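Enquirer: If you scroll down you'll find the structure; I have some questions about it.
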Amino acid sequence: MSPVLIISGHPNLAQSSANQTILAALQQGLGETAEIRRLDRLYADRNIDVATEQAALRAAEVVVWQFPLHWYALPALMKKYLDEVYVYGFAHGSSGTALHGKKLLASFTAGAPGELYQTGKAMNFPMEAFLPPLQQSATLCGMDWQPPVYSTGMTYISGVNSAEDLAAVQAKARAHAERVLAQIRSLI
C-alpha cells in the first residue's frame with residue numbers, strides 16, 4: 001500500500017476534464033507513493049468492498065478526497081463510500097481509532113465561478129461555508145484536517161464549450177494539482 005491514498009469520488013470521471021487532469025497530474029507527481037482509488041470504476045454497481053477500502057485507509061498516512069462539489073456536498077457515490085467505510089468501531093467510537101492521526105485533504109472542483117460564492121450572489125455563501133460537515137467528519141475520526149484545495153469555474157461541456165474553454169479548464173486543473181502536490185509533499 002501507499003502512504004498517500006487518493007479517493008476519486010467523481011461519479012463519472014470519463015466526463016470530467018478537470019478531475020481527470022487533476023488525478024493524472026497527482027499520479028505523475030507522486031508516482032509509487034500514491035494509490036488512486038476510482039470509486040466510479042471500482043463500484044459501478046454501488047457495492048462497496050468495505051474491507052478492501054478500510055485496508056487501504058489503514059495503510060495510508062495522507063488521505064485525499066478528490067471530488068466535484070455536487071449540490072454543495074460530496075457526490076452520492078462518495079457519500080455512500082463514507083457512510084459504509086468510515087463506520088463506528090473502525091473510524092470513530094471508543095474502539096474506532098484506525099484513522100487517528102492520518103492527514104485528510106479535501107481537494108475538489110466546482111463548476112460555478114468563484115465570484116458567485118458570496119452573499120447575495122447565485123451560491124449565496126462563501127465556499128468555506130460548505131466545508132464544516134467535511135471538517136467535522138475528519139474531527140470525529142481523529143484525522144488531522146488539512147486546509148482544503150479547491151478550484152471554481154471548472155465547467156467544460158463537450159459540444160457546448162469551445163476548445164479554448166477546455167484548455168482553460170485543463171490549465172486550472174493542472175494548477176490545482178500543483179497546489180495539492182505541494183501540500184502533500186509538505187506532509188510526507
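Enquirer: May I ask you to evaluate 6.51 cos²θ - 1.76 cosθ + 1.60, the Karplus curve with θ = phi - 60°, for each residue of segment 139-154 and list the ³J(HN,Hα) values in order in whole Hz, giving x for glycine and proline?
Expert: Using θ = phi - 60°, the values come out as 4, 4, 8, x, 8, 8, 5, 9, x, x, 10, 9, 9, 10, x, 9 Hz.
Enquirer: A follow-up question, please. So I have (i) 16.9; (ii) 28.1; (iii) 16.2, and one of them is Kirkwood radius over Cα pairs in Å calculated from this model. Which one is it?
Expert: Recomputing Kirkwood radius over Cα pairs in Å here gives the entry labelled (i).
Enquirer: Using the Karplus curve 6.51 cos²θ - 1.76 cosθ + 1.60 with θ = phi - 60°, what ³J(HN,Hα) values do you get for each residue of segment 167-174, in whole Hz, with x for Gly and Pro?
Expert: Once θ is set to phi - 60°, the couplings for segment 167-174 become 4, 5, 5, 5, 5, 5, 5, 5 Hz.
Enquirer: Name the long-range amide H neighbours of R38: under 5 Å, sequence gap of 5 or more, or other chain; modelled H, no Pro or chain starts.
Expert: Excluding prolines and chain starts, which carry no amide H, the hits are S8.
Enquirer: What list of ³J(HN,Hα) values in whole Hz, one per residue of segment 88-99 in order, does the Karplus curve 6.51 cos²θ - 1.76 cosθ + 1.60 (θ = phi - 60°) give from phi, with Gly and Pro shown as x?
Expert: Taking θ as phi minus 60°, the curve returns 4, x, 10, 9, 7, x, 4, 10, x, 10, 4, 9 Hz for segment 88-99.
Enquirer: For segment 85-188, compute the orientation-averaged projected area of the C-alpha convex hull (one quarter of its surface), in nm².
Expert: Averaged projected area of segment 85-188's Cα convex hull equals 8.5 nm².
Enquirer: Which number comes out as Rg/Rh for segment 18-79 once both Rg and the Kirkwood Rh are worked out on C-alpha atoms?
Expert: My calculation of the ratio gives 0.96.
Enquirer: Order of 155-168, 6-19 by packing, highest average Cβ count within 10 Å first?
Expert: The most tightly packed comes first, giving 6-19, 155-168.
Enquirer: Over all distinct alpha-carbon pairs, what is the Kirkwood Rh of segment 115-156 in angstrom?
Expert: 11.9 Å
Enquirer: Taking only the alpha carbons of segment 1-40, what extent do you get along each of the three principal axes, in Å, biggest first?
Expert: Dimensions of segment 1-40 along the principal axes of its Cα atoms: 27, 17, 8 Å.
Enquirer: Taking the Cα centroid of segment 156-188 and of segment 40-86, what is the distance between the two, rounded to the nearest whole Å?
Expert: Their Cα centres are 22 Å away from one another.
Enquirer: Would you kindly work out the equivalent ellipsoid of segment 49-135 from its C-alpha gyration tensor and give its semi-axes, the square roots of five times the eigenvalues, largest first in whole Å?
Expert: Listed largest to smallest, the semi-axes of segment 49-135 are 29, 13, 12 Å.
Enquirer: Which order do peptides 126-136, 95-105 fall in by mean Cβ count within 10 Å, highest first?
Expert: Output ranking for 126-136, 95-105: 95-105, 126-136.
Enquirer: Please compute the Kirkwood hydrodynamic radius over segment 66-114, one decimal place, Å, based on all pairs of different Cα atoms.
Expert: 12.5 Å
Enquirer: Here is a further query. For the chain, what is the charge dipole size about the Cα centre, in debye to the nearest 20, if Lys and Arg each add +1 at the Cβ and Asp and Glu each add -1 at the Cβ?
Expert: The calculation lands at about 100 debye.
All of the numbers you see were taken from the coordinates with simple rules; none came from a lab. Everything quoted here is computed from the prediction, not taken from an experiment. Positions of Cβ are generated from backbone atoms using ideal geometry, with glycine treated the same way; all protein chains shown enter the neighbour counts.
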